[in-house]
Amino acid sequence: FEPSGRMHIAQGILKAINVNRLTSAGCVFVFWVADWFGLLNNKMGGDLEKIKKVGQYFVEVWKAAGMDMSNVRFLRASEEINKNPQDYWLRVMNIARANSISRVKRCGQIMGRSEGDEQPSAQILYPCMQCSDIFYLHADICQLGMDQRKVNMLAREYMDKPEASKDKQRMQGRKPIIVSHAMVPGLLEGQEKMSKSNPDSAIFMEDSEADVKRKIKKAFCPPNQIEGNPCVTYVKMLVFPYLGKFEVQRKEANGGDVTFKTVEEFEHAYAHGELHPGD
């Protein structure tokens, strides 16, 4: 993960849910604290020490969010790469040699930018480094968001290139397995991904209860509509996996309190008007 300032619930709660799912299935989850990547992406004004502090803040928030740390490791890129720099940087160069500039630039979204944005030349180095990370860590599974799928595919494609001969031996011919999670949308209409650029479109882990209530009340939540409804998506992706149920407290005149034990039950009630946005 790239230490990038405030943490929203997609990074906090959803990541805790996904990590706990994998570790409970017997996986060891390795977090790559991408401090050098934050520097490339000019996070925290390009101050590496501040980026490192933000990385530690992320770790503490995940602990507070209930992430089971018993099978979790945190490795800081700036420290780990320097333990074997020849192995790491030679692979970065091989990945760069194996791909065209246009192919690498298509991965620009991993830096939080679209392909049409004005970008620094770091946009070329960043995907090659992220691709190298996978092999440097000997990762069997890459668990990232759908916004990272282009660079994940770059890693799989690289295994078919002659420049990857040593990595093929190291990985015993296995391409990395990609396990991508869906993106949590922003609270406003048409936002496919939660963004920090508009604070009212995202819920942050340190938001007060009053802030959360204010943002939810302003959120796009059309009645009877499941698809494209961020509030419904939040309940499905965050509330049910985290709490195992969804409780609604309302006045007797509005139907009284109700508890939904499955996503299907909740969606049916909302789609048929038994549950209103105001609830």
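The values are calculated or read from the model by the stated rules, or taken from the named source; none is laboratory data. Since the structure is predicted, the reported quantities are computational estimates derived from the model, not experimental observations. All Cβ positions, glycine included, derive from the backbone under ideal geometry; neighbour counts span all protein chains shown.
Numerical summary
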read-out	value
Filter result for ARG174 (farther than 26 Å from THR262 by Cβ, free of Cβ contacts under 8 Å to residues at least 40 places away in the same chain and outside any loop (DSSP other than H, G, I, E, B))	no
Residues that are in contact with a helix residue (DSSP H, G or I) (Cβ under 9 Å, 6 or more places away or on another chain) and surrounded by fewer than 20 Cβ atoms within 10 Å (Cβ to Cβ), drawn from the stretch 150-159	LYS150, GLU157, MET159
Matching residues in the stretch 228-279 - criterion: being in a loop (DSSP other than H, G, I, E, B), at pLDDT 95 or above and within 21 Å of ALA202 (Cα to Cα)	ASN229
All positions within the stretch 166-180 that are at pLDDT 90 or above and not aliphatic (A, V, I, L, M)	LYS175, PRO176, SER180
Verdict on SER132 being part of a helix (DSSP H, G or I), in the same structural domain as LYS43 (by the TED database), at pLDDT 90 or above and crowded, with 17+ Cβ neighbours inside 10 Å	yes
Criterion: of a type in the set (Asp, Glu), surrounded by 20 or more Cβ atoms within 10 Å (Cβ to Cβ) and not in a loop (DSSP other than H, G, I, E, B) - qualifying residue of ASP167, ASP200	ASP167
Residue in the stretch 1-52 that is nearest to GLU192 (Cα to Cα), counting only those that are of a type in the set (Gly, Ala, Ser) and crowded, with 18+ Cβ neighbours inside 10 Å	ALA10
For PRO241: the one exception among (1) surrounded by 14 or more Cβ atoms within 10 Å (Cβ to Cβ); (2) under 18 Å from GLY273 (Cα atoms); (3) of a type outside the set (D, E, K, R); (4) touching a helix residue (DSSP H, G or I) at 6+ places or on another chain (Cβ under 7 Å)	(2)
Number of the condition not met by SER70 [criteria: (1) in contact with a Pro (Cβ under 9 Å, 6 or more places away or on another chain); (2) in contact (Cβ under 8 Å) with a residue 24 or more places away in the chain]	(1)
Matching residues, the stretch 210-224, being surrounded by 14 or more Cβ atoms within 10 Å (Cβ to Cβ) and free of Cβ contacts under 8 Å to residues at least 12 places away in the same chain	ASP211
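Residues are listed down the side, and each one gets a yes or a no for (1) under 15 Å from the mean Cα position of the chain (by Cα); (2) part of a helix (DSSP H, G or I):
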site	(1), (2)
GLY5	yes, no
ASN18	yes, yes
TRP32	yes, no
LYS50	no, yes
VAL59	yes, yes
ARG73	no, no
ARG91	no, yes
ASN94	no, yes
